[in-house]
Structures are given as C-alpha cells and as structure tokens.
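Take a look at the structure set out below.
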Amino acid sequence: MTENAITRRDDNGGDGGNGGRGGGRVAERDAGVAAGTVLVTSGTGKTGRRVVERLTALGVPVRSGSRTGEVPFDWQDETGWAAALRGVRAAYVAYYPDLAVPGAAEAMAAFGRTAAACGVRRVVLLSGRGEPRAAVAEEALRGAAGAAEVTVVRSAFFAQNFSESALLEGVLGGEVVFPAGTTAEPFLDLDDLADVVVAALTGEGHAGAVYELTGPRSLTFAEAAEELGRASGRAVRYVPVTADAYASMLAEFEGFGPEAEFLAELFAALLDGRNAGTTDDVKRVLGREPKDFSVFVSEAAGGGAWHG
C-alpha cells in the first residue's frame with residue numbers, strides 16, 4: 001500500500017519508526033542538499049506535487065518526474081532513469097504501482113544502482129506500514145544505492161483518499177465501500193507526509209532512518225464516514241465488503257485491470273489491525289503534532305472537495 005491509486009500512489013500518468021531521528025528545521029537545510037537539484041518521481045501525483053510545491057517554495061531546484069515531463073521518468077522504462085537522475089543531489093522515490101508487487105524489489109535495486117552511478121547523495125523512499133514485501137523492496141534500494149543516504153517513510157492510509165482518490169466517488173455517492181471491516185486506521189494527512197519528506201530531503205540527521213507516519217488517532221472507516229458526512233453536509237455511510245467483492249468493484253475502474261485482485265487482497269491483509277496504532281514520528285521529525293482527521297475533513301470541505 002505505497003503508491004497505489006486507493007492508498008498511496010502518485011499518479012504516474014500525469015504516490016514508531018525504528019532508527020528515526022528528529023530534524024528538518026530550516027537552519028539544518030542550509031547544511032543539507034538544498035543547493036542541489038531534487039528529483040521527485042511521480043511528481044504530478046498526490047504526494048509528489050506536494051513535495052514539489054514545498055521544495056519550490058524553499059528555493060530548491062526541482063526536477064518533477066513524470067512520463068510526459070521535460071525530462072521523462074517512467075517506472076516501466078529503465079532506460080530513461082539515468083537522464084532524469086543526471087545532476088541530481090537527492091531524490092524522492094514514490095514507486096508505481098506499489099512496493100509490494102512482484103518486480104518492485106528488482107526495480108528498486110535498479111534505481112539504486114542508477115542513482116549511485118549518477119552521484120545521488122540522498123534518497124527518500126515512500127513505503128507502507130506493515131508490508132513485508134515492501135520491506136524487501138526497501139532493502140533492495142538500500143543495498144544498491146552505494147554511498148547515498150537512504151531514508152524510508154512508511155505511511156498510514158492517506159486521509160486524502162477520501163477527497164482526491166477513488167474513495168471520493170463513494171463520499172459523493174453516500175457510500176464508502178472498502179474491505180476494512182471494523183479495523184481502525186490512523187489516517188495520515190498528506191501535508192504532514194510531504195513536510196516530513198522535504199525535511200528528510202533537505203535537512204540533516206535522517207540518514208538510515210525509518211519513519212512510520214500516522215495521524216494522531218485511529219478511527220474505523222465507519223467513524224471516518226460519520227465525520228466525512230458531517231463536514232460535507234451529506235449522508236455518508238461505510239459499507240464493508242470482502243476482498244473478492246472489492247476486487248470485482250476495482251476491476252470496473254479504468255487503469256486497474258490485473259492490479260485489482262492484488263490490491264484488494266493487500267488492503268484486506270493490511271487492515272487486519274496490525275497498523276491500527278499511532279506513532280509520534282511526525283512530531284519527532286517536524287516538532288509538531290500531525291493533523292487530526294477532523295481538521296482534514298474541515299479543510300477539505302472548506303476547499304470544495306465534496307461539492308460535486
């Protein structure tokens with residue numbers, strides 16, 4: 001559940017940490033890689049565009065990677081990676097479609113080798129909590145990246161899935177259908193994730209860290225639906241379904257195809273309670289509490305997310 005369309009994917013077509021250390025203050029950025037170009041893979045997607053916006057605001061040169069970018073970057077075409085990484089000091093890696101899919105570890109190893117050959121000094125990888133197969137891909141990147149500093153950011157379920165992704169349609173239609181049962185999830189706001197990523201890209205003290213990012217409290221999907229309903233002024237309810245039923249539903253969406261069954265099984269497995277707990281890693285990195293889900297729904301409603 002790293003960058004797939006329902007949870008943590010930057011749209012590639014245009015997303016308690018052990019060993020984690022605090023940092024990310026403005027003063028530290030001066031000693032980091034802020035003067036060098038940063039490649040943001042999947043730079044037009046949910047997490048990537050937020051990272052691009054923040055780096056740009058800091059005056060950091062950014063290369064936004066996408067299949068149609070000025071310097072194209074496509075996870076399915078390794079031949080273009082060296083050109084995208086040439087002259088880059090740091091990179092944000094948001095792998096499509098997911099670090100847990102077959103072939104992801106090989107792709108991460110290949111990216112790591114290319115980054116090392118291009119002299120990249122720092123890599124920040126977006127991953128998912130509680131995903132053993134994603135952890136294999138993380139290790140493959142570390143092992144291939146040579147002298148580059150690697151930081152892993154493992155994210156909880158994005159709050160913005162309800163406002164910017166496939167679950168948006170469910171909110172607008174009054175039914176959020178998902179294979180989560182009664183499990184609680186500490187939904188993470190993407191603004192917090194982007195802030196942590198930028199801190200790790202530009203500041204010191206994050207080399208080798210693994211940050212597990214969550215919101216400040218856990219909610220069931222039924223509780224989240226209630227808050228979404230109050231904020232949007234709509235009647236919204238949560239409808240739990242089996243993984244098989246959800247896979248059939250996903251297969252109807254354009255762009256999923258053979259991924260549907262894999263993703264549905266992944267969601268059902270990871271939403272079994274293993275990731276229900278919260279961490280303090282957002283506060284450890286940024287020095288402030290993460291955004292609560294209630295704040296997210298209020299801001300999203302105020303911004304017109306559910307006016308459709």
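The values are calculated or read from the model by the stated rules, or taken from the named source; none is laboratory data. Source: prediction; values computed, not measured. Positions of Cβ are backbone-derived with ideal geometry, glycine not excepted, and every protein chain shown enters the neighbour counts. Ligands, DNA and RNA are excluded from the accessible area calculation, which covers all protein heavy atoms including side chains. Shrake-Rupley method; radii C 1.70, N 1.55, O 1.52, S 1.80 Å.
Some notes on this structure:
- Within region 224-248: backbone nitrogen closer than 12 Å to the R217 label point (7 Å, Cα to C-beta): 224, 227
- Loop-located chymotrypsin sites (Phe, Trp or Tyr not before Pro) in region 236-304 (DSSP state other than H, G, I, E, B) with a sparse environment of at most 15 neighbouring Cβ atoms within 10 Å: F253.
- Backbone HN-Hα couplings from phi across region 101-117 [Karplus 6.51/-1.76/1.60, Hz, Gly and Pro as x]: 7, x, x, 5, 4, 5, 5, 5, 5, 5, 5, x, 5, 5, 4, 4, 5
- The calculated FRET efficiency for the pair A116 and S294, based on their C-beta separation and a Förster distance of 41 Å, comes to about 0.40.
- Probing with 1.4 Å while keeping every protein chain in the model, the per residue accessible area of the chain equals 37 Å².
- Carbon/sulfur fraction of accessible area - region 93-196, other protein chains in place, 1.4 Å, %: 53
- In this structure T182 has an accessible area near 130 Å², from a 1.4 Å probe over the protein heavy atoms.
- Geometric extent, Cα atoms of region 68-217 - Rg, Dmax (angstrom): 16.5, 50
- Listed peptides 42-50, 210-218 by packing density, highest first (mean Cβ within 10 Å): 42-50, 210-218
- One decimal place: the segment E169-E226 gains 18.9 nm when fully extended, by the rule 0.36 nm per residue minus the C-alpha distance.
- The slack between R133 and E53, meaning 0.36 nm per residue of separation minus the straight C-alpha distance, is 25.7 nm.
- Accessible-area composition of region 35-81, carbon plus sulfur, in percent [1.4 Å probe]: 48
- Values [x] 19.2; [y] 22.2; [z] 20.7 are given for comparison; Kirkwood radius over Cα pairs in Å, derived from the coordinates here, is the one labelled [x].
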